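Some notes on the structure that comes next.
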């Protein structure tokens with residue numbers, strides 16, 4: 001399978017926009033190695049007197065991302081549809097979703113079977129399957145469980161992110177040693193200039209690292225050397241920055257009246 005060449009893993013001697021360092025701190029991934037992708041403008045980085053900190057966004061290997069954020073994306077994509085399918089079959093049995101939430105899945109299925117509230121076995125099996133999927137989303141589950149119930153939906157999620165159709169994320173097809181990487185476009189962290197300069201030469205993570213001085217480094221990944229591992233290539237860094245900017249530059253305004261077109265035509269007819 002061909003993956004786009006988006007990342008340059010050659011030796012990098014200085015930090016610039018698009019540079020990536022390993023063992024970056026990211027909330028929710030304290031036990032995992034996340035990458036930090038620098039988004040500060042090149043001109044600001046070049047002017048040492050202008051900024052004291054750089055901004056970075058987390059670039060999360062898919063293998064870690066799927067365990068933390070995938071379930072929320074799937075909920076947005078599938079939960080409403082599943083709830084509708086469950087409600088539809090419950091209605092056939094003259095039950096409601098409130099009954100389900102009150103008595104639970106096993107009790108509801110037991111009542112339906114014992115009282116023959118659904119005439120077709122096929123409907124009971126459908127209901128059980130929908131409920132299994134529904135509660136897997138509600139309570140979360142291992143990726144192996146999710147892929148059994150939601151394989152097509154997960155493939156759709158990956159496709160949407162890789163094609164730029166999900167405003168929250170950006171996909172880097174491959175970074176050597178990390179595989180596919182999902183960049184969170186809405187989660188911004190700070191990397192102070194002094195730490196950034198040390199990262200270029202490498203910083204070994206151990207218990208002596210001061211928490212206040214090295215906030216951008218995940219100090220739980222002990223024994224790891226934090227360094228620059230490469231940079232996102234052009235034009236992908238420009239594309240990422242464009243999509244990142246779009247998230248924060250949109251201006252919300254009141255929607256026009258549904259009758260506006262009729263009103264304008266009516267004015268012209270007078």
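Read the figures in this text as sums done on the coordinates, not as results from a lab. All figures in this text were calculated on a predicted structure; none of them were measured in a lab. Note that we place each Cβ from the backbone using ideal geometry, even for glycine, and neighbour counts take in every protein chain shown.
A few points about this structure:
- For the stretch 71-93, a residue qualifies if it is out of contact with any strand residue (DSSP E or B) (no Cβ under 9 Å at 6 or more places or on another chain) and within 30 Å of residue 24 (Cβ to Cβ), and the qualifying residues are 71, 72, 74, 75, 76, 77.
- Selection over the stretch 207-246 of residues that are exposed (fewer than 14 other Cβ atoms within 10 Å of the Cβ) and either in contact with a helix residue (DSSP H, G or I) (Cβ under 8 Å, 6 or more places away or on another chain) or not in a loop (DSSP other than H, G, I, E, B) (or both) gives a count of 6.
- Residues that are crowded, with 21+ Cβ neighbours inside 10 Å, in contact with a helix residue (DSSP H, G or I) (Cβ under 8 Å, 6 or more places away or on another chain) and within 20 Å of residue 202 (Cβ to Cβ), drawn from the stretch 13-30: 15, 18, 21
- Lone unmet requirement of (1) touching a helix residue (DSSP H, G or I) at 6+ places or on another chain (Cβ under 9 Å); (2) over 27 Å from residue 236 (Cβ atoms) for residue 122: (1)
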